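A short reminder: the numbers here are calculations on the coordinates, not readings from a lab. Just so we're clear, the structure is a prediction, and the values are computed from it rather than from any experiment. Here the Cβ is made from the backbone with ideal geometry for all residues, glycine too, and neighbour counts use every protein chain on show.
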Amino acid sequence: MGEWWTPVPTETSMGNYDISSISHVTMSPSRQNNVLSMYPSVALSKSSYSVISAFCTEDNITQCISYINQELASLGLSSTCIEASSPGGASLNTVPALNAMYELLQIHRRNMCTLEALEKEQLKKSSSLEHMQMSNSRLKDQLELSIREKSGLHETERQLQLKIKTLQNCLKTEKDEVQKLQSIISSRASQYNHDAKRKEREAAKLKERLGQLLVDRKDKKLAIDVLNCLGRSDGKRSHWKTAKTTSSHEGEMYKSLLSDYEASQKALMVENAELKKVLQQMKKEIMHILSTRQSPIKGADADDSHEQADSDGEEKAGDCSRETLDQSCEHAKEQLTNSIRQQWRKLRSHMEKLDSQASQMQNHLDSNKEVIPREAHEDEMERMRCEVQQCKEFIHAQQQLLQQQLNPSFDDETAALLNDCYTLEEKERLKEEWRLFEEQKRNFERERKNFTEAAIRLGREKKAFEEDRASWLKNQFLNMTPFTDRRRCSSSDGHSALSIKSEPETRMSSTKSRVAKSSTYATFSTPKPAQNAFVPSTAELYRTLRLIPDSSSSRPSNRGRWQESSAIEDGDALKSKHRARCGDLSIFSLGEDENSLS
Amino acid sequence: MNFSEVFKQSNQLCKVSPDGKYLATCVQYRLVVRDMSTLQILQLYTCLDQISHMEWSSDSLYILCAMYKRGLIQVWSLEQPDWHCKIDEGSIGLVSSRWSPDGRHILNTTEFHLRITVWSLCTKAVSYIKYPKACQKGLDFSRDGCYMALAERRDCKDYISVFVCDDWHLLRHFETETQDLAGLEWSPNGCVLAVWDSCLEYKVLLYSLDGRLLSTFSAYEWSLGVKSVTWSPSSQFLAIGSYDEKVRILNHITWKKIAQFEHLGTINNTKAVVYKEVERKTAVCSDDLSLHNITIGSTLFNTQSKYEICPLPVQIPVVKPDPDRANPKIGVSFMAFSSDSHYLATRNDNMASVVWVWDMQKMSLEAVLEQTSTVRCVQWDPRRPRLALCTANSKLYLWSPAGCVSVQVPSEGGFQVLSLNWHCSGDSLILLGKEQLCLCYMDTDQEDK
């Protein structure tokens, strides 16, 4: 832009200022402000519009256009060239002008965007800078601290080294002292030894001298006074000391030594023989074990069979050695030990194999076993824990209760209070219980009444039944001889005891009043066929009872009763239903009872 | 168990003849010989002065009485009461006197160990052995009485002379590898001589009868060493007790250590039985009064004691020795094998009230006897594995593998048992007090049970 200024120096200073101000408009507002502050006179005197309007006047359109074009070209928008629509005219060619304006707007927007982004970035940067500064200061602090620490450590190290030095000095002095003491000890020891020797020599000399003196003095006192000499304990006479005796002594000594050695040798021989025996036995047993081990595998493994053969050979050798044991001890011993060693090696390897197998098996077992039992174990543990917890809780509760019980005894007031509370509560509870109890009592009472009633009813029923039976018996008795056909009829009825249904049906048509009764009978007789066997007598009785009124008019009382009962039934369906639930017999009884009650 | 009445004695000089028939006791300057079975006085000899030593000859025919202060020896014959023999050592003095194994020679050690004088009762001949060493045990006869080993000191070196006792012929004379020989002892079979150095050095040397060095044993250095050495009756083991409170057992074939017995302050060995003597004053009951009218005086003042078996572990009272004094009271100073070599009894000096019994077959601790007071004398029954001990009180203690028992000695005036001796038959015990003695007869019937 600067370059541009130089070729247009002819422009008015006013215009010059304006252009500069315009060119600066696109800059940040702050800059604009600066520009404004730079040219306070301009800013104050005219509005921005006036400035623009001042830029292009009627007179300088062409210059303006060229200037704008130049500017656009410099901005890289050379393609659009603003032209005056008519040369010298004041109007512009709109399309390029608009295009240029659009381009400029675009550029402006882009710039604005970039500006925004830059501002944001700057903000970010500034914040990061701040952060950096902070961290920097912190690090500085740390550094300072560590430096201080380091110096402290240096100090302690120095001190420690000093201490070490002093201790080393001490050690050195101690060592010196020890050495000194040792030397002193050794010198003392040597001196003591020397002195002791000297003293001993002196003592020896003195003893010698004393002995000499004693001998020289021919001490008269030194004497033996025996009445008569004794014989030797072995009865022999004493001998003169001669070379012969000395040699005999030597001989005796050696003899005794020899006998001792012989004895010890004998003992050793015996021990040796025993050990050998043990060895042999061991060998035999090992061989036995090995052979039994190998025989089952022999077929499977060629090597083993080979080994077996080897061992057999050895066995033979062993036998041989046993035979030759007495003759050539050395040889036999060697053979024996060798074979034993071999067998032992085999046994050991076998044992090792077995061990490894066993350990593997053990591992297998362990791995197999461990899974299930562990779970079970854990379950059990969990259960136990639960139980323990429960027990603890229980114990705790009990303890609390105990304490509650015990505490009042210590504190009378609270005890009284608590007691009051308790008694109130207790009273409430007791009342409640009392009420319940009363209710129950009433219930019981009612039930008892029912029972007594039932018992009375039963008694009556029984009586009625007895009467019925008596009458029936009488009837039968009466029917026996004079009314043969009537009896047959009754017997045929008895035959059809199980097919009762037909009976009531026939009856249904005859008497309307009996319909309900028969139907009820049908209902309960059919679902309970098993009871037929149990109560044939009742059924029979019933039938006979029914037959009697049917067949004979001589029993009006009975029949009347029956009718009454049925009538009641008709009236009260509920009761009849209730009766239906009972047994066959109760139908009558109830009916009769109700009769009696009603 | 029965007790005889109490007899007088002095200097605890009371010995049974080797054949077990006679009992010789010294009372001041008198020698009393009694019949062992009846305790009746058979002979009574009067010596020239108070007897300081008395010894039976091996054939039980003669008794030697030594009066060291006078340098005099008197020998008495049991068969011929008129026969007498007097040996005067003269101005040279006398410190020790003993019979030779044949019972016909007397060996006298003069003062300052100037020499050993050998007097023959057969020929009146006298011979001298020079340079005997003054030490713990410088002279020992082999068990069969054939040989005598004597430690000598010449030119600041130790030597051993082996004599044939028959005619005092010097059989061997050899220098030993010791700094300061302290003792020597023949093995019971008479073929090996064990020699040990003074306590300054742990060294045990084993020499053959012909003077060859068989083996040397040293357990440690720079510390006080051997305190006592004992052969087992079978010659199989050599037990060495030392200042480190241990007993080491050497075997007779390789002369190497086969076992080590430690005397610890706490007993944890579950195989060992610890018997603890418990004392308690007893109230005198009416039965006692009626039964033991005579002994009531003593029983009134004496405490009864019994053994209790302590549950392990047991803490044993240990006395710490004074390190500044010579011969510190620490270490094993007493060891004795039972007659069958099955058990070994030991005593550790800083646990003076405790006797340890070790099983030689299992090589382990068998029993521990913790007494209430210091053990004075311990001796094995010569026939059975039975141990008798005394602790200077009025009780006798007996141990056997079956158990332990303490017996009150019924006597007037508080008989304190200071020492004891078994009769060679093992049927009776001689209990020695300060000026009295008492015989204790074992109940043989009970023993059989």
Estimated inter-spin distance, residue A:151 and residue B:29, nm [label 7 Å along Cα→Cβ]: 10.3
Gain on full stretching of the segment that runs from residue B:112 to residue B:392 - 0.36 nm per residue minus C-alpha separation: 97.5 nm
Prolate/oblate/rounded label for segment B:130-448 (Cα gyration tensor, a/c 1.5): prolate
Helix-only mean residue ellipticity at 222 nm for chain B, each DSSP H run of n ≥ 4 adding -39500 (n - 2.57), per residue, nearest 500: -1000 deg cm²/dmol
Residue-averaged beta-carbon neighbours from other chains (10 angstrom radius) around B:105-117: 2
Spin-label pair residue A:379/residue A:208, simplified geometry with 7 Å Cα→Cβ offset, distance in nm: 10.3
Rg [Å, one decimal], Dmax [Å, integer] - segment A:251-292, C-alpha atoms: 17.8, 59
Segment B:130-448: relative contact order as a whole-number percent, Cα under 8 Å and 6+ apart: 9
At 0.692 mPa s and 37 °C, Stokes diffusion of segment B:1-129 via Kirkwood alpha-carbon radius, µm² per second: 218
Efficiency of FRET from Cβ geometry, residue A:115 and residue A:73, R₀ 25 Å, rounded to 0.05: 0.55
Cα gyration tensor, segment B:319-449 - rounded (a/c under 1.5), prolate or oblate: oblate
Ordering of B:44-55, B:183-194 by burial proxy (mean other Cβ atoms within 10 Å per residue, highest first): B:183-194, B:44-55
Cα-projected label distance for residue A:175 with residue A:362, points at 7 Å along beta-carbon direction, nm: 5.3
Other protein chain Cβ atoms within 10 Å, averaged over every residue that makes up A:259-265: 3
Using a Förster distance of 25 Å, the FRET efficiency for residue A:164-residue A:190 (Cβ separation, nearest 0.05): 0.10
Where trypsin sites (Lys or Arg not before Pro) fall in DSSP loop in segment A:133-219, at most 13 other Cβ within 10 Å: A:218
